[in-house]
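Everything on this sheet refers to the single structure shown next.
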Amino acid sequence: MVTEWLLGSDTDLRAVEMRARHFLRVRSKALFKTGVETIRDGTDCPIARRSAVQDPNSGQWSHDSRCKKTESICSQDAFLAAQSERAKAAARELQDSSRAQDRKMGTNASEILDRMPTADSKGKACWGAAGLGGDICIALECAPEETLLTTDASFDLICPAVGINHHRVM
């Protein structure tokens, strides 16, 4: 829907760019909030609330989506400790996957969860490819009566393990 709105049948890239800027500034926020009653953040992650910033010289947009495990900016370790059994169940399912990236995420998550509570679940362990994997935390934040909508195949393993429904859009 967004792509169709941005591009339409227009061949003038300046017009498309203008619509894209308007979408980023105004429409994306309005569309996101439409029908959203609750936004969960079980880990109290301030990075999720950071806005993108535009470089005044180049006009390029960027978003700092990283932190360090030494920074005490969230409660990721406490959140995972409280959800330990469900998180470990998800990690076990991932370890049994036929997909290498799932197995890696499962192994890394198991190693971190076995040492909980620990700050080792923060920083790259949260957002990095070799870490715990944010997918487990995303699934853990869902209420039992909800359905998680995703494009990621890892949730085919994680969601049943933690007892929530999901639907993968391909």
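The values are calculated or read from the model by the stated rules, or taken from the named source; none is laboratory data. The model shown is predicted, which means the values in this text are computed figures rather than measured ones. No Cβ is skipped: glycine too gets one built from the backbone with ideal geometry, and neighbour counts run over all protein chains shown. Note: accessible area is taken over every heavy atom of the protein model, side chains too, but ligands, DNA and RNA are not part of it. Shrake-Rupley method; radii C 1.70, N 1.55, O 1.52, S 1.80 Å.
Structure summary
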read-out	value
Residue within segment 22-38 that is at pLDDT 75 or above and of a type in the set (K, R) present	no
Positions within segment 22-70 being over 26 Å from L140 (Cβ atoms) and open to solvent by 90 Å² or more (accessible area, probe 1.4 Å), in sequence order	L24, R25, R27, K29, P56, N57, Q60, W61
Cross-chain or 6+ apart pairs with Cβ under 7 Å, segment 143-170 first and in contact (Cβ under 8 Å) with a residue 40 or more places away in the chain, then assigned to a helix (DSSP H, G or I) and among the small types (G, A, S)	I158/A90; I158/A139; A161/A89; A161/A90; V162/A89; V162/A90; V162/A139
Where A90 falls short, out of the listed (1) surrounded by fewer than 21 Cβ atoms within 10 Å (Cβ to Cβ); (2) at pLDDT 75 or above; (3) among the hydrophobic types (A, V, I, L, M, F, W, C)	(1)
Elements of type helices (runs of 4 or more DSSP H) contained in segment 97-170, each with 1 or more residues being farther than 19 Å from D77 by Cβ, modelled with pLDDT of 90 or more and not hydroxyl-bearing (S, T, Y)	100-113, 155-162
Single condition S58 does not satisfy, out of (1) at pLDDT below 80; (2) more than 19 Å from the chain's Cα centre (by Cα); (3) of a type in the set (S, T, Y)	(1)
